[in-house]
Structure formats: structure tokens, C-alpha cells
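One structure is given here, and the rest of the page talks about it.
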Amino acid sequence: MKNINTAINDVPFRSLVAFEATARNGSLSRAADELNLTQSAVSQRVFKLEAFVGQRLFLRQGHGVKLTGAGALLLETTRETLRRLHMGFDRLEPYANKASLLVACPPDFAQGWLMPRLQFLSALHADIEVWMVSDQEAVSIDRIDIDLIVARKPLHDNDVESVPLLEDRSIAVCGPRTALKLHNVAYPKLLERAPLLFLEGEPQWAGLLANTGAKPLKIRRAATLHDERLLLQAAEHELGVAYLSDILAQDSLHCGRTVRVEQVPTAARPRFWAMRSRLTPRSPIVNRAFDWLLAQAELSAQGRAPK
């Protein structure tokens with residue numbers, strides 16, 4: 001078997017694609033149909049890969065094929081390689097549109113604050129296309145992967161401008177029907193009058209339940225959830241009272257899906273920061289969008305409607 005480490009530049013990429021399709025379909029003919037090739041062409045590509053690795057990758061089985069042990073090992077690596085390539089090409093897609101904007105932000109900010117305002121962002125450019133990354137924390141702006149970042153911590157980088165955007169706090173919310181039952185109930189007694197919803201990481205409501213007096217409260221736990229967005233949804237469905245981010249709840253409160261329980265004290269949360277590169281942006285839209293974010297945050301702080 002050849003030294004693959006020294007021959008990596010000779011890896012037959014089209015053979016890897018044919019190999020993965022054949023393994024997934026369990027058939028050379030079905031792989032050929034998927035790849036719009038002849039069965040002979042797929043077979044030749046698989047044979048070329050087998051010659052490259054010096055191992056049989058498939059065994060004939062009836063009208064199909066079955067992976068050998070070596071084939072199963074190679075398939076795991078091949079699938080991951082092709083998956084990462086697809087992801088890489090997908091990340092390049094926004095750059096075909098000069099009016100694209102790539103924003104990284106936490107999911108609570110995206111759902112509760114940014115999504116309800118996206119319609120007004122179109123005023124910056126008729127063809128603007130927003131790419132929102134909310135499933136991972138961005139730690140840098142390289143003007144390729146990310147244009148703007150909104151996060152609860154500023155980036156300490158000489159090439160990054162970090163500006164305070166929004167204050168946040170924890171508030172108690174519940175569905176409209178539950179709110180009617182609690183309307184005239186004083187705190188902390190109201191905590192015994194309705195089921196409570198808990199975030200898995202904050203079983204004491206950010207310490208609030210530990211400071212309700214000498215006499216322990218007889219509370220009822222309706223649900224404990226790992227995601228604050230699910231906590232909000234549970235409150236919307238009248239499952240109880242939740243203690244969560246004001247920013248996350250803003251759209252729900254505005255649309256009447258939930259009501260704030262005013263009697264419950266609030267608790268401060270880390271503020272949100274807006275960040276952009278100090279270098280020349282990929283597109284003029286980036287700086288206009290950054291200024292738009294700051295303007296919208298100012299309207300929000302004043303209790304005014306977005307525009």
C-alpha cells in the first residue's frame with residue numbers, strides 16, 4: 001500500500017464522491033442514477049479509489065454492494081470531508097450577492113429583538129439579504145465569515161469597534177389567562193398561586209427564590225427546560241410563570257402572547273454589545289446596518305416603535 005500521507009495530493013476526489021454515493025445507496029446503479037453517470041463510470045471510479053488505498057471497499061451482495069471493514073472506516077472520513085466541503089461552499093454563497101449581510105448574534109436576541117425588526121432593515125437596500133448566525137458564538141470579525149456581531153461580551157481587539165447596544169434584565173412573564181389570576185396577588189405570595197417554569201441552569205430564578213423571606217414558599221414546579229426560548233414558549237402556552245430575558249420576551253410581550261408579572265422584582269443581566277471591524281468592510285451595507293442597529297436600540301430604550 002502506498003504512503004497516503006505523501007500522496008494526499010493524488011486523492012481521486014471524484015472517486016470519493018462515487019464511493020460515498022454507492023455506500024449510501026447500497027448499489028452502483030442507484031449511485032449512477034444519483035450522479036447522472038453510467039454504472040460503468042461509477043464502478044471505475046470506485047475501483048480507482050480501491051487501487052489508491054490498496055484495499056477492497058465493497059463486497060458484492062445480491063443486486064447491491066456491502067462495505068468491507070476498510071470501506072466502513074473510509075466512509076466515516078469521506079462523509080465528514082464532503083459535509084465540510086458543502087458547508088464551506090454554502091458559506092461562500094452570500095458573497096454572490098453584494099447586498100448580503102452576515103450577522104452573528106445569540107438566539108435570544110435574534111428571536112426577541114432582531115427578527116421583529118428585520119422588515120425595517122430592507123430600507124437600507126431593496127435587495128438586502130440577511131444571513132443570521134445564531135447557533136454558535138462568534139469570537140472574531142474577519143470580514144469574510146462575519147460582518148457584524150451582537151454579543152453579551154465585547155471583543156477586545158484593536159481592529160474591532162465594540163459599542164454598548166442594549167441593556168437586559170430578567171423579568172417574570174406568563175400567559176394572559178395566568179396573568180388575570182395573579183393580577184391582585186402581592187409578591188412573593190403570587191409565587192405560590194401559579195406553577196413556576198424553570199431554566200435548567202437557574203433553578204432558583206437567578207437567586208430570587210432564595211430571598212423571599214424566612215418562611216419557605218410552597219411553590220409548584222410545572223417544568224424545567226434547558227433552553228430559554230422553550231421557557232418562553234411554555235409561558236405562552238399558559239403552563240406557568242417564567243423568569244427570563246426581557247430582550248427575549250419583547251416580541252412576545254408586544255404581541256400579547258405573554259404578560260409581564262410586574263410584582264416580581266427584576267434582576268440585571270449582561271448588556272448586549274454591537275461590534276464591527278474598523279477596517280474597510282466587505283460592503284457599504286455593513287456600516288449602514290451597524291448604524292441602523294444603534295438607532296433601533298435607541299428607539300427601543302425610549303419605548304418607541306421600530307422603524
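The values are calculated or read from the model by the stated rules, or taken from the named source; none is laboratory data. It should be emphasised that the depicted structure is a prediction, and the values quoted were computed from it without experimental measurement. As a convention, Cβ positions derive from the backbone with ideal geometry for all residues, glycine included, and neighbour counts pool all protein chains shown.
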So how many residues does the stretch 173-197 have that are under 19 Å from GLY112 (Cβ atoms) and of a type outside the set (Gly, Ala, Ser)?
4
Given the conditions (1) over 22 Å from the mean Cα position of the chain (by Cα); (2) at pLDDT below 90; (3) not aliphatic (A, V, I, L, M), every one holds for CYS255 apart from (2)
Yes or no: GLU76 over 30 Å from ILE247 (Cα atoms), in contact with a helix residue (DSSP H, G or I) (Cβ under 9 Å, 6 or more places away or on another chain), among the charged types (D, E, K, R) and not assigned by TED's automatic domain parsing to the domain that holds ILE128?
no
Tell me yes or no: at least one residue of the stretch 149-156 is under 24 Å from THR266 (Cβ atoms), basic (Lys, Arg), outside any loop (DSSP other than H, G, I, E, B) and not assigned by TED's automatic domain parsing to the domain that holds ALA210.
no
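Only one residue in ASP251, ASP291 is surrounded by fewer than 21 Cβ atoms within 10 Å (Cβ to Cβ) and outside the structural domain of ALA179 (by TED's automatic domain parsing), so which one is that?
Details: ASP251 fails: outside the structural domain of ALA179 (by TED's automatic domain parsing).
After applying the criteria, what remains is ASP291.
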Quick one: ALA223 ticks every box in (1) over 15 Å from GLY175 (Cβ atoms); (2) surrounded by fewer than 19 Cβ atoms within 10 Å (Cβ to Cβ) bar one, so which box is it?
(1)
Pull up the stretch 20-57, narrow it to residues that are within 19 Å of GLU80 (Cα to Cα) and assigned to a loop (DSSP other than H, G, I, E, B), then point me to the one that is nearest to the chain's Cα centre (by Cα).
GLY26
Would you tally the residues in the stretch 232-243 being over 12 Å from LEU196 (Cβ atoms) and not charged (D, E, K, R)?
3
Consider ASP246 carefully, then state whether it is in the same structural domain as ASP127 (by TED's automatic domain parsing) and acidic (Asp, Glu).
no
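Determine whether PHE272 is modelled with pLDDT of 90 or more, in contact with an Asp or Glu (Cβ under 7 Å, 6 or more places away or on another chain) and among the hydrophobic types (A, V, I, L, M, F, W, C).
Here the answer is yes, as PHE272 does meet what is asked.
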Any chance you could count how many residues in the stretch 177-195 are polar (S, T, N, Q) and touching a residue at least 60 places away in the same chain (Cβ under 8 Å)?
1
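Conditions (1) within 30 Å of LEU121 (Cβ to Cβ); (2) in contact with a strand residue (DSSP E or B) (Cβ under 6 Å, 6 or more places away or on another chain), marked per residue:
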| position | (1), (2) |
| --- | --- |
| ALA235 | yes, yes |
| SER252 | yes, no |
| VAL261 | no, yes |
| PRO281 | yes, no |
| PRO284 | yes, no |
